[in-house]
Amino acid sequence: MPDSYASLKLENQLCFPLYAAAKEVVRKYKPLLDKIDLTYTQYITMMVLWEHKSISVKKLGECLYLDSGTLTPLLKNLEKKNYVTRKRSKEDERVLDVTITEEGMALRDKALEIPEQLGNCLKISKDEVQALYSLLYKLL
């Protein structure tokens, strides 16, 4: 392949190792999250709710980099599990608020060991994790 096409080689793409690494990390989460009956996107949603207790769907989407088309079915499933409730804001009917339930808060204790368990699966040092974390957030 001529040098002019080098930029089209997969090995020269930043997006590919990011994509493949993200997919691999989510794959490593799966058996850990299966134990508490959550998908990865449900898990990160619950993380935001454990912190904020109640949040608008719009703000939740901003925190997670997800659109409402992705969040709506996810939140419906969490509501079926009795982990969250969804209600229109009293101040503005256009705003939909999501609030964590007592059952949803209780799930936090079951999830407490997941970050450490995942960290043990990764073959990079704590310093490398911190550097990668910083770089990824710089990209975002």
Which value results when the Cα radius of gyration for segment 1-78 is divided by 2.2 N^0.38 Å?
1.51
What do you get for GluC sites (Glu not before Pro) in segment 30-97 restricted to DSSP loop and a cutoff of at most 11 other Cβ within 10 Å of the site's Cβ?
Glu91, Glu93
Considering only protein heavy atoms, with the full assembly of protein chains and a 1.4 angstrom probe, order Asp109, Asp34, Asp3, Asp92 by accessible area, largest first.
Asp3, Asp109, Asp34, Asp92
Estimated dipole of the chain in Debye, rounded to 20 [Cβ of Lys and Arg +1, of Asp and Glu -1, Cα centre]:
300 debye
Take every Cα pair under 8 Å in the chain that's 6+ residues apart, average their separations, divide by the length, and report that relative contact order as a whole percent.
20 percent
Can you tell me the orientation of helix 15-34 relative to the chain, as the angle in degrees between its alpha-carbon axis and the longest Cα principal axis, to the nearest 10?
40 degrees
Using only helices, what value at 222 nm comes out for the chain when you add -39,500 (n - 2.57) per DSSP H run of length 4 or more and divide by the total residues, to the nearest 500 deg cm²/dmol?
-19000 deg cm²/dmol
Using a 1.4 angstrom probe on heavy atoms only, work out the carbon and sulfur share of the accessible area of segment 61-140 in %.
53 percent
Averaged per residue, what accessible area in Å² does segment 15-140 show with a 1.4 Å probe, protein chains only?
70 Å²
Most mobile listed residue (Asn12, Asn120, Asn82) in the chain, GNM with C-alpha springs under 10 Å
Asn12
For segment 66-115, run through the trypsin sites (Lys or Arg not before Pro) and keep only the ones in DSSP coil with at most 10 other Cβ atoms within 10 Å of their Cβ.
Lys90, Arg94
FRET efficiency, Met47 to Leu135 (Cβ-Cβ, R0 25 Å, nearest 0.05):
0.75
Compute the angle between helix 68-80 and the longest alpha-carbon principal axis of the chain, please, reported from 0 to 90 degrees and rounded to the nearest 10.
50 degrees
Zone of Ala106's modelled label, taken as backbone nitrogen in segment 49-87 under 18 Å from a point 7 Å along Cα→Cβ:
50, 78-85
So what does the Cα-only Debye profile of the chain read at q = 0.09, 0.11, 0.17, 0.19 Å⁻¹, as log10 I(q)/I(0), no solvent term?
-0.37, -0.53, -1.04, -1.20
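The values are calculated or read from the model by the stated rules, or taken from the named source; none is laboratory data. Predicted, not measured: the structure shown is a model, and the values here were computed from it. Note that we place each Cβ from the backbone using ideal geometry, even for glycine, and neighbour counts take in every protein chain shown. With ligands, DNA and RNA removed, areas are computed over all heavy atoms of the protein, side chains included. Shrake-Rupley method; radii C 1.70, N 1.55, O 1.52, S 1.80 Å.
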